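Okay, so here's the structure we're looking at.
The values are calculated or read from the model by the stated rules, or taken from the named source; none is laboratory data. As the structure is a computational prediction, the values presented were derived from the model and not from experiment. Positions of Cβ are backbone-derived with ideal geometry, glycine not excepted, and every protein chain shown enters the neighbour counts.
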């Protein structure tokens, strides 16, 4: 298995773990704040989806050999920069907190699957070449995947710990 296949296999495995967990959770539990935070599982999924849009923009740009076209982001901030993540996360929460769970889940699922689909068109050499895309500032495209994987894993582990402490469904 080459590096690209390994990365995409890990991403698919993570997607499947999330889907398995989410399907087991009753909607009422998905809406419950994950104390001490005021975010629910639904809010976490909106958060992951919003950040995922930047990853998709980067992969689509790499596949088309162009600069990324980022989605609308926090007003007045640069979508190419992580910027103030607390401010960005607060904006994501406020923007999507009223969105119903079915739409949030569908957006996240479609985004993740699009990310994987677009990734199939990236060749391994481009994935690993740190000089290929100047807009990545000396990093290889693989960092986009590793960051997305780590971000999803971080929230998955936090959710699992919360569920363990509050009784799983």
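Here are the numbers for this structure:
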| read-out | value |
| --- | --- |
| Number of the condition not met by residue 145 [criteria: (1) part of a helix (DSSP H, G or I); (2) under 14 Å from the mean Cα position of the chain (by Cα); (3) more than 21 Å from residue 2 (Cβ to Cβ)] | (3) |
| Enumeration of residues in the stretch 29-60 that are out of contact with any helix residue (DSSP H, G or I) (no Cβ under 9 Å at 6 or more places or on another chain) and either surrounded by 19 or more Cβ atoms within 10 Å (Cβ to Cβ) or modelled with pLDDT of 95 or more (or both) | 57 |
| So residue 119, is it under 19 Å from residue 142 (Cα atoms) and surrounded by 19 or more Cβ atoms within 10 Å (Cβ to Cβ) | yes |
| Helices (runs of 4 or more DSSP H) completely within the stretch 39-135 that count 1 or more residues being on the phi < 0 side of the Ramachandran plot and touching a residue at least 60 places away in the same chain (Cβ under 8 Å) | 41-64, 101-119, 124-128 |
| Restricting the stretch 98-116 to residues that are touching a helix residue (DSSP H, G or I) at 6+ places or on another chain (Cβ under 6 Å) and farther than 25 Å from residue 62 by Cα, the residue that is surrounded by the most Cβ atoms within 10 Å (Cβ to Cβ) | 104 |
